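Report on the following structure.
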Amino acid sequence: MSPLNKQLILTVDDTPLNLDILNGILSNDYDIKSAINGKIALKIAEAVIPDIILLDIMMPDMDGYEVCKRLKANPKTSHIPVIFVTAMLSPEDEEKGFKFGAVDYITKPINPAIVKVRVKTHLSLANQQKACMTIIELQVKELHENQKAAIHMLGTAGHYNDTDTGSHIWRMADYSAALARAANWSVSEVEAMKLAATMHDTGKIGIPDDILKAPRKLTSDEWKVMKMHSEIGHKILSNSPISLFQMASEIALSHHEKWNGSGYPNGLAENDIPESARIVAIGDVFDALTTKRPYKEAWPIDKAFAVLIEDSGTHFDPKLIQLFISIKSEILEIKEDWEKQYNSL
Ligand SMILES: [Fe+2]
Ligand SMILES: [Fe+2]
């Protein structure tokens, strides 16, 4: 094996002679770095990320337990297996070592064959664990990508026969996520909003084409059918117990409710309307106003903001409108980013 491929061991002991003995046993098979106290050991461990650490316990200033504790508390070094090499022989000492996160315990005076076998065993266990983690990470990533793709398909299906432009659902979801962040939602909730908002009109899949695409004002009966998209979307999306879809179904049901209770389907008012749906109502309308549709030109930003302000407290949650105004520059950035993407197609 070329020296480049050798695994790296960090040996830590305050007695240079002990380090010499350990290094002598291991240097044929491994690269070795050594430290003569805990502080130096922590520095080296963070800088080079060894594959395993052989750690003395009784050292002045910082003992091996403390070194091990700090290694385990640092996300950069927490995965490195630690073997205590020590003259402390009592079962209590041994137990204490494991409590601090060590994987093994070798007692002095050391037996070269045992040191070699233990190091080899723990390195191979660590390698297996690394390989498993890589597989799991890949699978989680793939699952996440699949979930995202399925969500995008649902969102697209809802708007497929619509007169909206294709990018509407992604852009309005970006606006909604930015507003959720401004409303103090956590990072994971904001991420969920970004996906859930795209499904707000999934129920339009159940609305007949001639109503959805009618190039005229709808009759009151047709309008009644059109309004059913909220409940149809809710029905489709509430089939999943996953919290993301629960949020999406809540949004689908209530994104046409209005702050003053005049919306549909349930005439909910104020905080009875779920916050997710109050947020999406703003992102959705803002995007509809500021983009070109077959029946209208894109409105200038300031005119769209003026409409939101005018409808604050009637259609929209006034506090959320205030927040939306406070992030106007971020909203404009999102809009410009989307325009750039669209123009580059
Ligand atoms: Fe809708
Ligand atoms: Fe929409």
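Observations
- Kirkwood hydrodynamic radius (C-alpha pairs) into Stokes-Einstein, the stretch 62-121, 10 °C and 1.306 mPa s, D in µm²/s: 132 µm²/s
- Three-way shape call for the stretch 3-134 based on the alpha-carbon gyration tensor, with the a/c threshold at 1.5: rounded
- When the charge dipole of the chain is built from unit charges on Cβ atoms (+1 for Lys and Arg, -1 for Asp and Glu) and taken about the Cα centre, the candidate among LEU55, ALA150, VAL103 whose Cα reaches farthest toward its positive end is ALA150.
- Each residue in VAL190, VAL280, VAL117, VAL82 was given a count of other beta-carbon atoms within 10 angstrom of its own, and listing them fewest first yields VAL117, VAL190, VAL82, VAL280.
- Nitroxide proxy distance, nm - points 7 Å out along Cα→Cβ at PHE98 and LYS69: 2.0 nm
- For the stretch 160-343, a simple Cβ point-charge model (Lys and Arg +1, Asp and Glu -1, everything else neutral) yields a dipole of about 300 debye relative to the Cα centre.
- The dipole here belongs to the chain: it is taken about the Cα centre, uses +1 on the Cβ of Lys and Arg and -1 on the Cβ of Asp and Glu, and is about 440 debye.
- DSSP beta bridges in the chain [antiparallel fraction, %, rounded to 5]: 5 percent
- Residues GLN322 and ILE301, FRET efficiency given R0 of 22 Å [Cβ-Cβ distance, rounded to 0.05]: 0.80
- Enclosed volume per residue, in Å³, of the convex hull spanned by Cα atoms of the chain: 203 Å³
- 3J(HN,Hα) from dihedral phi, the stretch 253-259, Karplus parametrisation 6.51/-1.76/1.60, rounded to Hz, x for glycine, proline: 5, 10, 6, 10, 6, 10, 3
- Here the simple spin-label model places points 7 Å from the Cα toward Cβ, and for MET153 and ALA87 these points are separated by 6.8 nm.
- For the cross-link pairs LYS69/LYS96; LYS213/LYS296; LYS194/LYS224; LYS130/LYS194; LYS194/LYS319, the ones whose C-alpha atoms lie over 23 Å apart are LYS194/LYS224; LYS130/LYS194.
- Extension reserve of the VAL187-SER78 stretch, reckoned as 0.36 nm per residue once the Cα distance is removed: 36.8 nm
- Simple rule: put +1 on each Lys or Arg Cβ and -1 on each Asp or Glu Cβ in the stretch 160-343, find the dipole, and look at ALA177, TYR264, SER276; the Cα lying farthest toward the positive end is TYR264.
- Based on C-alpha pairs under 8 angstrom that are at least 6 apart in sequence, the chain has a relative contact order of 11 percent.
- Calculated P(r) of the stretch 160-343 - Cα pairs past 25 Å, %: 30 percent
- Contour excess over end-to-end distance, with Cα ends at GLU46 and LYS6 and 0.36 nm allotted per residue: 12.5 nm
- Full extension of the chain segment joining ILE136 with LYS108 gains 6.2 nm, where the gain is 0.36 nm per residue of separation less the Cα-Cα distance.
- Each Lys and Arg Cβ is given +1 and each Asp and Glu Cβ -1; about its Cα centre, the stretch 3-134 then shows a dipole of about 480 debye.
- Calculated FRET efficiency for the pair GLU333/LYS235, C-beta based, R₀ 25 Å, to 0.05: 0.10
Just so you know, all these numbers are worked out from the coordinates, no wet-lab data involved. What you see is a predicted model, and the numbers here were worked out from it, not measured in a lab. Neighbour counts are summed over all protein chains in view; Cβ atoms, including those assigned to glycine, are modelled from backbone coordinates with ideal geometry.
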